[in-house]
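A short worksheet on the structure shown next.
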């Protein structure tokens, strides 16, 4: 009798756990559940709205910055690729940046030789208020592309043309290699985020570091830390 | 005399013919080059573009939305916009202070040898670990390498008790919110990763912010 009761309780527990598990799995498909998983960590994450009209910078569910977009496009390079093949990008989903944008916007300081340090007592202490005039860093880019763990690339640019998946000369080379029967492997498709203001792209470039999560098809933030909000 | 005259007369004709040949050859070469480029360009895999229009997704899970709200920082929080060079002290959504600050320059420093430093400000959520009055900076190796000198062996040579200003708040991993001697550069990304504030703003932040307060950097 005791054994039967134990088996019944065990069966109930298993069924309950199964139902709860199925519920959790189903709930993971909605943007809030995906964002909740990101918000449990202290890292920044980016959210692209499901209407493709904004990109939001968030941490812990709090919106820190928001950038208006002119739209989001899907670009794929390949013969015979039509719009039907491009519309396969499901949403919502989370990508992680695997390779940051090219870092040619960073200033590089590389002394060729180091001289021994001398403790010069006569050397004046730095004076307050007299600012050094550092070499201005190279301008931040208004267009860049990162690779993600989804197999897709993510481009940020003021237009689709500016975010060409392949450069002009490389397209020529690829074309000729294809003509002579030696095609290069197909390039990954690209999701192009078109910023309304190029300054916004410049301002965001440092956020696309390896490991940064990008939630595609997210909802409006539940709370905002923007000034005046 | 007559033969010499003929030679002189003939030379312009030969020169003109050679020039025409060269011009034709140049045009031919240009046509070939342009054709190669155009054929290659158009044969290069063409780009297809479509508007991203995801289908209507699943309705938000109300439980997830509720738990998302619970993740939001409550009470006092410091928000730092590293690109614009602004620091805001916010309590429950109300901005108490909005100050100019300087964040990491993003500069890459390469030592002759192997070591490389990147002067970025860490992003995401941090907490104030501890606070100090009259902080003393123990200059790390990069501070000397940047100046073109070898790091000194004597620890006393690393001591700097003026550069950090009157107060500092530690964000962990050696990153601080501190003062600066160069207040005219506030708002510009010129630091080695720390956050610099002007004297009055620094004193306000030091007095207002408690140890454990969340600092959100983006």
Condition set on the phi < 0 side of the Ramachandran plot and over 21 Å from the mean Cα position of the chain (by Cα), scope the stretch B:95-122, selection surrounded by the fewest Cβ atoms within 10 Å (Cβ to Cβ): answer is B:114
Is it fair to say residue B:211 is touching a strand residue (DSSP E or B) at 6+ places or on another chain (Cβ under 7 Å), closer than 27 Å to residue B:92 by Cβ and in the same structural domain as residue B:89 (by TED's automatic domain parsing)?
yes
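Taking the stated definitions as given, is residue B:106 under 16 Å from residue B:195 (Cα atoms), facing chain A (nearest Cβ under 7 Å), in contact with a helix residue (DSSP H, G or I) (Cβ under 9 Å, 6 or more places away or on another chain) and touching a residue at least 40 places away in the same chain (Cβ under 8 Å)?
Working: under 16 Å from residue B:195 (Cα atoms): yes; facing chain A (nearest Cβ under 7 Å): yes; in contact with a helix residue (DSSP H, G or I) (Cβ under 9 Å, 6 or more places away or on another chain): yes; touching a residue at least 40 places away in the same chain (Cβ under 8 Å): yes.
Yes.
In this structure, is residue A:69 touching a strand residue (DSSP E or B) at 6+ places or on another chain (Cβ under 9 Å), closer than 30 Å to residue B:198 by Cα and modelled with pLDDT of 90 or more?
Details: touching a strand residue (DSSP E or B) at 6+ places or on another chain (Cβ under 9 Å): yes; closer than 30 Å to residue B:198 by Cα: no; modelled with pLDDT of 90 or more: yes.
No, not satisfied.
Yes or no: residue B:88 crowded, with 19+ Cβ neighbours inside 10 Å and either free of Cβ contacts under 8 Å to residues at least 40 places away in the same chain or assigned to a helix (DSSP H, G or I) (or both)?
Values: crowded, with 19+ Cβ neighbours inside 10 Å: yes; either free of Cβ contacts under 8 Å to residues at least 40 places away in the same chain or assigned to a helix (DSSP H, G or I) (or both): yes.
Against the criterion (crowded, with 19+ Cβ neighbours inside 10 Å and either free of Cβ contacts under 8 Å to residues at least 40 places away in the same chain or assigned to a helix (DSSP H, G or I) (or both)), residue B:88 qualifies.
Matching residues to (1) within 11 Å of another protein chain (Cβ to nearest Cβ); (2) at pLDDT 90 or above; (3) under 24 Å from residue A:219 (Cα atoms); (4) touching a strand residue (DSSP E or B) at 6+ places or on another chain (Cβ under 9 Å):
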{"residue": "A:13", "(1), (2), (3), (4)": "no, no, no, no"}
{"residue": "A:26", "(1), (2), (3), (4)": "yes, no, yes, no"}
{"residue": "A:40", "(1), (2), (3), (4)": "yes, yes, yes, no"}
{"residue": "A:46", "(1), (2), (3), (4)": "yes, yes, yes, yes"}
{"residue": "A:57", "(1), (2), (3), (4)": "yes, yes, yes, yes"}
{"residue": "A:78", "(1), (2), (3), (4)": "yes, no, no, yes"}
Of A:92, A:83, the only residue that is within 25 Å of residue B:48 (Cα to Cα), crowded, with 18+ Cβ neighbours inside 10 Å and modelled with pLDDT under 95 is A:92
So residue B:99, is it assigned by TED's automatic domain parsing to the domain that holds residue B:165 and in a strand (DSSP E or B)
yes
For the stretch A:104-136, give me each residue that is within 34 Å of the chain's Cα centre (by Cα), surrounded by 13 or more Cβ atoms within 10 Å (Cβ to Cβ) and either more than 7 Å from chain B (Cβ to nearest Cβ) or at pLDDT below 75 (or both).
A:105, A:134
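What residue, among those in the stretch A:164-183 that are within 11 Å of another protein chain (Cβ to nearest Cβ), surrounded by fewer than 18 Cβ atoms within 10 Å (Cβ to Cβ) and part of a loop (DSSP other than H, G, I, E, B), is modelled with the highest pLDDT? Full working, then the answer.
If we filter the stretch A:164-183 for residues that are within 11 Å of another protein chain (Cβ to nearest Cβ), which is where we start, we get A:164-180, A:183.
Checking which are surrounded by fewer than 18 Cβ atoms within 10 Å (Cβ to Cβ) leaves us with A:166-170, A:173, A:176-180, A:183.
Then keep just the ones that are part of a loop (DSSP other than H, G, I, E, B); that gives A:166-167, A:180, A:183.
On the way: A:166: 66, A:167: 70, A:180: 81, A:183: 68.
Among those that are within 11 Å of another protein chain (Cβ to nearest Cβ), surrounded by fewer than 18 Cβ atoms within 10 Å (Cβ to Cβ) and part of a loop (DSSP other than H, G, I, E, B), it is A:180.
From B:85, B:124, which residue is touching a strand residue (DSSP E or B) at 6+ places or on another chain (Cβ under 7 Å) and at the interface with another protein chain (Cβ under 7 Å from one of its Cβ atoms)? Steps first, answer last, please.
Values: B:85 fails: at the interface with another protein chain (Cβ under 7 Å from one of its Cβ atoms).
Answer to the selection: B:124.
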For the subset of the stretch A:142-163 comprising residues that are closer than 17 Å to residue A:45 by Cα and not in a strand (DSSP E or B), which member is modelled with the highest pLDDT?
A:149
Filtering the stretch B:157-180 down to residues that are part of a loop (DSSP other than H, G, I, E, B) and within 19 Å of residue B:119 (Cα to Cα), which residue is farthest from the other protein chains (Cβ to nearest Cβ)?
B:174
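The values are calculated or read from the model by the stated rules, or taken from the named source; none is laboratory data. Being a predicted model, the structure only gives us computed values, none of them experimental. Here Cβ is always computed from backbone atoms with ideal geometry, including for glycine, and neighbour counts include all displayed protein chains.
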